[in-house]
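Beneath this line is the structure, given in structure tokens, with notes to follow.
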Amino acid sequence: MKVVVAESAGFCFGVKRAVEKVYEQIQNNTAHKKIYTYGPIIHNEQVVKDIEEKGVTVINSIDELKEIKDGIIIIRAHGATKEVFDIIQQQQLTLVDATCPFVKKIYQIVQEEQKKGKHIIITGDASHPEVQGIRGWSGDEVTIIGDEKDALQFALRKDKPVCIVSQTTFNYNKFKYLVEIISKKGYDINVLDTICNATHQRQAEAKKIASKVDVMIVIGGRHSSNTQKLYEICKNECNNTYYIQTLDDLDLSNIKEDSYVGITAGASTPNNIIEEVHTNVRKF
């Protein structure tokens, strides 16, 4: 059996930075303040469970946030709306901003562009926390476009300029396709490719590996948007593609002894999980 692991698999810069910030707060919390994350710090159940066992509480709504009178609030890697930041400040809570710097850059872009009178288009998954966060910094004139149908239905008065940005983990080819559809409508459009380089690299490498192997294993949290996109890309190249969270989800009986196996993982997947899958597949 031959096994190849994608070099780009596992924690990206923004995720690694966010997780480190949480553990720093746990370790340095000499005042014994209660620590909260606004939403799961990353989309990985094992990591979230570990920090919860160390006393960190995940809150998931503005209503929950408003109930907190004292403590440390960590903004997750995906970011949050401007309203969330404002509430933390108003309530004089301790803010630790673990938003990925590439996401923070998009906040700056949409604020500047909407001040110029532009309608903001965000390509991405409307239910994803990163997209919700970007929307919360985009002003009142904003549209989220997630698929071909959304792009075809998009309509605006022709004299309204448009700025298009993207969820950082969006499928790059899909982004280009949606931009092409919107561009044909004749608007004055400023397109900014805000998909991060790590996503470009991860998707391109996954596609290349999946096109050559007999079996492709994609590891990541079930709610991880970037892992879902990796799975879609790999599935298009290799019919025997499996999406797992941990080794426990992998049915090794689906892999033949002489198979050529590829492994990749989403940006929120810890290295120890990747290594465990890799080691056990090779042993098998």
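In the set E276, E180, which member is charged (D, E, K, R) and under 30 Å from K158 (Cβ atoms)?
On the way: E276 fails: under 30 Å from K158 (Cβ atoms).
Testing whether each residue is charged (D, E, K, R) and under 30 Å from K158 (Cβ atoms) leaves just E180.
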Complete set of residues in region 108-127 that are buried (at least 21 other Cβ atoms within 10 Å of the Cβ) and under 22 Å from S268 (Cα atoms): T123, G124
Identity of the residue in region 230-267, among the hydrophobic types (A, V, I, L, M, F, W, C) and assigned to a helix (DSSP H, G or I), that ends up surrounded by the most Cβ atoms within 10 Å (Cβ to Cβ): L230
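Looking only at region 125-157, which residues are small (G, A, S) and assigned to a helix (DSSP H, G or I)? Talk me through it step by step, then tell me what you get.
Within region 125-157, the first condition is being small (G, A, S), and the residues that meet it are 126-127, 133, 136, 138-139, 146, 151, 155.
Listed by number, the residues that qualify are G133, A151.
State the number of residues belonging to region 207-239 that are under 25 Å from I41 (Cα atoms), over 13 Å from the mean Cα position of the chain (by Cα) and not hydroxyl-bearing (S, T, Y). If you could, list the steps in order and put the result at the bottom.
In the first step, residues of region 207-239 are kept if they are under 25 Å from I41 (Cα atoms); the result is 217-232.
Then keep just the ones that are over 13 Å from the mean Cα position of the chain (by Cα); that gives 217-219, 231-232.
Subset that is not hydroxyl-bearing (S, T, Y): 217-219, 232.
Adding up the residues that qualify gives 4.
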Entirely in region 15-92, the strands (runs of 3 or more DSSP E) that have 2 or more residues that are among the aliphatic types (A, V, I, L, M): 57-59, 72-75
Every residue from region 19-59 that is in contact with a strand residue (DSSP E or B) (Cβ under 8 Å, 6 or more places away or on another chain) and among the aliphatic types (A, V, I, L, M): V22, I26, I35, I41, V48, I51, V56, V58, I59
Residue match in region 144-163 (condition: touching a strand residue (DSSP E or B) at 6+ places or on another chain (Cβ under 9 Å), closer than 24 Å to I75 by Cα, surrounded by fewer than 23 Cβ atoms within 10 Å (Cβ to Cβ) and touching a residue at least 12 places away in the same chain (Cβ under 8 Å)): yes
Scan of region 164-193 for residues that are aromatic (F, W, Y), out of contact with any strand residue (DSSP E or B) (no Cβ under 6 Å at 6 or more places or on another chain) and at pLDDT 95 or above, ordered by number: Y177
Residue in region 80-89 that is among the hydroxyl-bearing types (S, T, Y), touching a strand residue (DSSP E or B) at 6+ places or on another chain (Cβ under 8 Å) and in contact (Cβ under 8 Å) with a residue 12 or more places away in the chain present: no
Residues that are over 23 Å from K104 (Cα atoms), among the hydrophobic types (A, V, I, L, M, F, W, C) and not assigned by TED's automatic domain parsing to the domain that holds I274, drawn from region 179-237: I181, I182
Looking only at region 128-143, and only at residues there that are of a type outside the set (A, V, I, L, M, F, W, C) and over 18 Å from the mean Cα position of the chain (by Cα), the one that is surrounded by the fewest Cβ atoms within 10 Å (Cβ to Cβ): D140
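The values are calculated or read from the model by the stated rules, or taken from the named source; none is laboratory data. Bear in mind the structure is a predicted one, so any value in this text is a computation, not a measurement. Note: ideal-geometry Cβ built from the backbone for every residue, glycine included; neighbour counts use all protein chains shown.
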